[in-house]
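Worksheet: the structure to be examined is printed underneath.
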Amino acid sequence: MARIALISPDQDYGDRLRSVGRVVDATVVQPPVGINVPEAGLAAVLANAPGVVVVGPDVPIDRARAWTEALDELRPDIPVVWAIEPEPETWRVALLAGARDVIGAAATDDELVAALRRALAIRDRREEALHVGSSSDLLGAGSGGRLIVVVSPKGGSGKTMLSTNLAWGLNEVSGGSVALVDLDLQFGDVATSLQLRPEYSVLNGLKVAGDPTAVKAFLTPHPSGFHVMAAPNNPAEADNIDYDSLAKLLDLLRAEFDYVVVDTGAGIDEATLCALDRATDVAFVTTTDLAAIQALRKAVVVMDQLELTAHRRWYVLNRADARVGLAQSDIERSTGLTIDVALPSSRSVPTSMNQGRTVFEDDPRSAMGRALRNAVELFVGRSAMKAPRQETGGLLGRWIGKGTQ
Ligand SMILES: Nc1ncnc2c1ncn2[C@@H]1O[C@H](COP(=O)(O)OP(=O)(O)OP(=O)(O)O)[C@@H](O)[C@H]1O
Ligand SMILES: [Mg+2]
């Protein structure tokens with residue numbers, strides 16, 4: 001029988017969770033730990049071998065975050081659910097800390113049952129992945145870096161813009177441990193957007209997917225220090241992909257690099273699903289038009305149905321200030337999703353992409369440059385990027401960085 005540990009001083013909620021626990025076939029334990037010092041209570045909680053941990057109610061948000069981060073650090077395989085009123089800001093803090101779900105006291109028993117079932121299902125999947133030790137050991141500690149998959153159901157939303165800039169920014173903060181994979185197998189333009197002329201592509205990588213040295217030989221270095229696995233030159237070649245090899249290739253890259261950023265084609269195709277299945281992070285990019293928002297909502301629902309849920313999700317609103325289209329607050333209200341990153345419309349984007357450069361290299365002090373820098377810091381989870389210098393002219397060029405001089 002599964003065990004759920006409740007971290008909360010609230011005995012009434014403990015009783016409620018115990019009765020709901022019976023419905024999902026789980027025993028609920030409420031270890032008598034001080035809620036304020038996770039470091040002191042963590043061992044006692046884990047001693048109960050919980051499959052899921054519920055934090056709150058009556059736990060202040062900063063303490064809930066501390067518990068969640070501590071758990072995430074030690075046992076990333078145990079899903080954490082917050083029983084705290086799900087305000088948008090709470091969601092943000094919870095997800096950043098590593099929680100899987102937020103459910104308020106006003107939730108019905110049915111909603112609570114559904115949330116616990118989801119968490120237990122995730123736990124089962126994670127346990128299976130850890131035990132199989134297969135290529136899908138996606139959430140195990142020490143199983144490699146982060147695999148960030150950039151997707152959007154609608155084309156032209158800014159995936160390639162985001163993935164190339166993310167790769168550049170993450171490369172700066174990780175000191176050069178980033179691979180960028182172009183899984184837009186038919187029409188990928190990562191290489192063009194970065195002014196690279198790759199000799200090899202993902203197709204070469206697939207053939208040697210188990211061999212780190214050989215795979216590395218098929219990466220194309222960007223002058224700033226990250227590595228690109230380019231899309232095939234010929235769209236027809238994208239037809240006969242072996243998805244087992246693709247899974248292996250992504251796992252291998254993840255083992256070798258701190259960050260693997262995956263750009264994908266419009267929509268959700270087989271290659272994208274393969275990447276989503278092993279992602280640690282999924283960045284959904286959308287523009288503000290209704291059709292794009294509806295498509296995004298559908299994609300999220302389908303991913304949940306397919307139980308593609310073992311990752312952190314980031315919602316990126318591109319061209320957030322577009323005059324036509326929905327306002328961010330309307331989008332959040334209508335979809336129930338919280339936008340993590342809002343990027344403005346900016347001339348710097350087409351200008352830099354057309355020159356084969358990132359915005360970080362071309363125009364770091366623009367509104368877009370600053371927004372992208374914030375996005376990178378959010379992904380990393382700390383304030384890690386160097387701020388652009390205030391001086392203009394040559395100094396700016398020097399900040400721009402390593403390989404661009
Ligand atoms: N914030 C922005 N401001 C101005 N132009 C932008 C912005 N984001 C993207 N663009 C422009 O929109 C176009 C599409 O961007 P991008 O290629 O990144 O989208 P995509 O999602 O990768 O498209 P596809 O689905 O075709 O791969 C490009 O011409 C790019 O310069
Ligand atoms: Mg693209």
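So which residue, out of Met303, Met229, Met368, gets the largest mean-square fluctuation from a GNM of the chain using Cα contacts under 10 Å as springs?
In the Gaussian network model the winner is Met303.
Using Cα-Cα distances under 8 Å and only pairs 6 or more residues apart, what relative contact order does region 146-404 have, in percent?
Relative contact order comes out at 25 percent.
Which of the pairs Lys216/Lys298; Lys159/Lys216; Lys154/Lys216 have their Cα atoms more than 26 Å apart in this structure?
The pairs that break the limit, which is 26 Å between Cα atoms, are Lys216/Lys298; Lys154/Lys216.
Helix 159-174 sits at what angle to the longest principal axis of the chain, using alpha carbons and giving 0 to 90 degrees rounded to 10?
Relative to the chain, helix 159-174 is tipped by roughly 80 degrees.
Could you compute the FRET efficiency for Asn354 and Ala114, with r as their C-beta to C-beta distance and R0 at 60 Å, rounded to 0.05?
The pair Asn354/Ala114 has a calculated efficiency of 0.80.
Could you list log10 I(q)/I(0) for region 2-132 at q = 0.12, 0.19 Å⁻¹, which the Debye formula gives when each Cα is one point scatterer?
For region 2-132 at q = 0.12, 0.19 Å⁻¹, log10 I(q)/I(0) is -0.38, -1.04.
GNM, the chain, Cα, under 10 Å: largest mean-square fluctuation among Ala97, Ala26, Ala107?
Result for the chain, Cα springs under 10 Å: Ala107 fluctuates most.
Kindly work out what percent of the DSSP beta bridges joining two residues of the chain are antiparallel, to the nearest 5.
Rounded to the nearest five, the antiparallel share is 5 percent.
Counting only residues 5 or more places away or on other chains, whose amide H sits under 5 Å from the amide H of Ala322 once H atoms are built in the peptide plane?
For Ala322, the qualifying residues are Ser345.
Quick check: at a probe of 1.4 Å, how many percent of the accessible area of the chain sits on carbon and sulfur atoms?
For the chain, the apolar C and S fraction of the accessible surface comes to 49 percent.
Compute the separation of the alpha-carbon centres of region 56-106 and region 23-47 and state it in Å as a whole number.
Using only Cα atoms, the two centres lie 14 Å from each other.
Just the accessible area per residue of region 64-115, please: how many Å² with a 1.4 Å probe?
With all protein chains present, region 64-115 gives 41 Å² per residue.
Non-local amide H neighbours of Val181 (under 5 Å, H modeled in plane, Pro and chain starts lacking H): which ones?
Met229, Val261, Val262, Asp263
Who wins for biggest fluctuation among Val341, Val29, Val202 in a Gaussian network model of the chain, springs between alpha carbons below 10 Å?
Val29
Rounded, prolate or oblate: which fits the chain when a ≥ b ≥ c are the square roots of the eigenvalues of the alpha-carbon gyration tensor, with rounded for a/c under 1.5 and prolate only if a/b beats b/c?
Because a/c hits 1.5 or more and a/b exceeds b/c, the chain counts as prolate.
Which far-off residues, 5 or more places away or on another chain, put their amide H under 5 Å from the one on Ile7, with H placed in the peptide plane?
Residues meeting the criterion, in which the H sits 1.01 Å from N, are Val54, Val55, Gly56.
Relative to the longest principal Cα axis of the chain, at what angle does helix 243-256 sit, 0 to 90 degrees, rounded to 10?
Approximately 90 degrees, to the nearest ten.
The values are calculated or read from the model by the stated rules, or taken from the named source; none is laboratory data. Note that the structure is a prediction, hence the values are computed from the model and not measured. No Cβ is skipped: glycine too gets one built from the backbone with ideal geometry, and neighbour counts run over all protein chains shown. The area values use the complete protein model at the heavy-atom level, side chains included, leaving out ligands, DNA and RNA. Shrake-Rupley method; radii C 1.70, N 1.55, O 1.52, S 1.80 Å.
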